[in-house]
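Let me begin by presenting the structure, written as structure tokens, before commenting on it.
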Amino acid sequence: MSRFFSEKWKDLEPYVPGEQPTDQQYVKLNTNESPFPPSEKAVERAREEAGKLMLYSDPSCTELTKCFAALYGIREDQVIFGNGSDEILNFAFMAFCDEDHPALFPDITYGFYPVFAALNHVPYTEIPLREDFSIDTAPYLNRNRPIFIANPNAPTGLSLPVSAIEEILKTNPDSVVVIDEAYVDFGGESCVPLIEKYDNLLVVQTFSKSRSLAGARLGMGTGNEALIRELHTIRYSTNPYNVNRMTMAAGIGAVEDEAYTRRNIEIIKQNRAWTCEALTALGFSVIPSDANFLFASSDRIDGGTLYRKLKEKGVLVRHFDKERIKGYNRITIGTREQMEILVDKIKEILEEQP
Ligand SMILES: *Cc1c(COP(=O)(O)O)cnc(C)c1O
């Protein structure tokens, strides 16, 4: 640490993103990106916008907000866009949490929550998942503390029904409940229809997964207009041009081509079922997933070893060196061809085992 680095960051442990290697081509199943390119409309619109990059982007995201609100059947003052949904999540920690409003989230969930909490000096409590990795909602009821739940959860892929989330909303009327729906398009039930009914609900979604725009960085929050206004206050106090021109244009193109997104989601679901069956046949225990990944472990090989051997064979998956989940790997669902390669390599690795 240099003598210039502020003391206030001395314990900050930054988020560790999944590898984005440049040394060779991998079958890349480690960061839950889409295997499909963005919609042609998204690419076309972004290309047209490139020639206007000398001008700042629209800080109100007017056109994107209009078409997104129309698609979701909500009002324009109920939406905010961010530089990825990570930015919206950080804004939510900044806006709704502090020493007197410490956060609650599961012990096994998106690894960014504890980092955002630390960054914003927000104390937090992690509530253990059940033995089967499902979320027990009882410890979240009547807490009156800000709550963050990824639904479906990551890296497990398990989801809660909207009715369970509604219980949490009802019993914490004076705290914001943030539902992170990064994976909801792949099988979960969305809470967006509840934003009219509960003024403490913030739903966060992303264009990174089902809409094939991870590299563009576009996420959104939807909720009661007062919450959204406060998030805009934070946004205008950090970076009003947080969504750049090409990304905004690509987002509009993606929303216009909803049919393409729906088609890709169906293919991912089919490939997920195929992969789940193939891994189960190889003796893996695979958690039933509502997301675009599977979380799987095997008695025949430990999680870290499988991760390393797959990497040697050119297949990248995500392994978390964390107490309860060390035995598992999180495998993004790609094309059928990619999943066949994965399964072939796993077969080879198991055959090479002593
Ligand atoms: C991928 C992911 C995000 C972040 O997505 P971006 O929009 O790319 O920042 C948020 N939450 C969860 C649970 C995720 O898996």
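See the values below:
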quantity: Among (1) more than 15 Å from the ligand (Cβ to nearest atom); (2) over 27 Å from Asn239 (Cα atoms); (3) surrounded by fewer than 15 Cβ atoms within 10 Å (Cβ to Cβ), the one test that Ile127 misses; calculated: (3)
quantity: Meets criteria (surrounded by 15 or more Cβ atoms within 10 Å (Cβ to Cβ), of a type outside the set (A, V, I, L, M, F, W, C) and either under 19 Å from Gly157 (Cβ atoms) or touching a residue at least 60 places away in the same chain (Cβ under 8 Å) (or both)) for Arg324; calculated: no
quantity: Residue match in segment 95-105 (condition: without any contact (Cβ under 8 Å) to a residue 60 or more places away in the chain, of a type in the set (A, V, I, L, M) and more than 24 Å from Phe293 (Cα to Cα)); calculated: yes
quantity: Verdict on Tyr241 being in a helix (DSSP H, G or I), away from the ligand (no atom under 16 Å from the Cβ) and at pLDDT 95 or above; calculated: no
quantity: Residue check for Ala46: without any contact (Cβ under 8 Å) to a residue 24 or more places away in the chain, within 26 Å of Ala259 (Cβ to Cβ) and of a type in the set (A, V, I, L, M); calculated: no
quantity: Top-ranked residue in segment 276-307 [being free of Cβ contacts under 8 Å to residues at least 40 places away in the same chain and of a type in the set (D, E, K, R); ranked as surrounded by the most Cβ atoms within 10 Å (Cβ to Cβ)]; calculated: Asp302
quantity: Where Val122 falls short, out of the listed (1) surrounded by 18 or more Cβ atoms within 10 Å (Cβ to Cβ); (2) part of a helix (DSSP H, G or I); calculated: (2)
quantity: Qualifying residue in segment 141-162 (condition: of a type in the set (Val, Ile, Thr), away from the ligand (no atom under 15 Å from the Cβ) and part of a helix (DSSP H, G or I)); calculated: yes
quantity: Which listed residue is within 16 Å of the ligand (Cβ to nearest atom), within 19 Å of Arg324 (Cα to Cα) and surrounded by 15 or more Cβ atoms within 10 Å (Cβ to Cβ), from Ile135, Ile88, Ile80; calculated: Ile135
quantity: Search result, residues across segment 1-42 that are loosely packed, with under 11 Cβ neighbours inside 10 Å, assigned to a helix (DSSP H, G or I) and in contact (Cβ under 8 Å) with a residue 24 or more places away in the chain; calculated: Lys8
quantity: Leu310 more than 21 Å from the chain's Cα centre (by Cα) and crowded, with 20+ Cβ neighbours inside 10 Å; calculated: yes
quantity: Residue in segment 337-353 that is touching an Asp or Glu at 6+ places or on another chain (Cβ under 8 Å), of a type outside the set (A, V, I, L, M, F, W, C) and either surrounded by 24 or more Cβ atoms within 10 Å (Cβ to Cβ) or at negative phi (or both) present; calculated: no
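The values are calculated or read from the model by the stated rules, or taken from the named source; none is laboratory data. Because the structure is predicted, anything quoted here is derived from the model rather than measured. Using ideal geometry, Cβ is built from the backbone for each residue, glycine included, and neighbour counts are taken over all protein chains shown.
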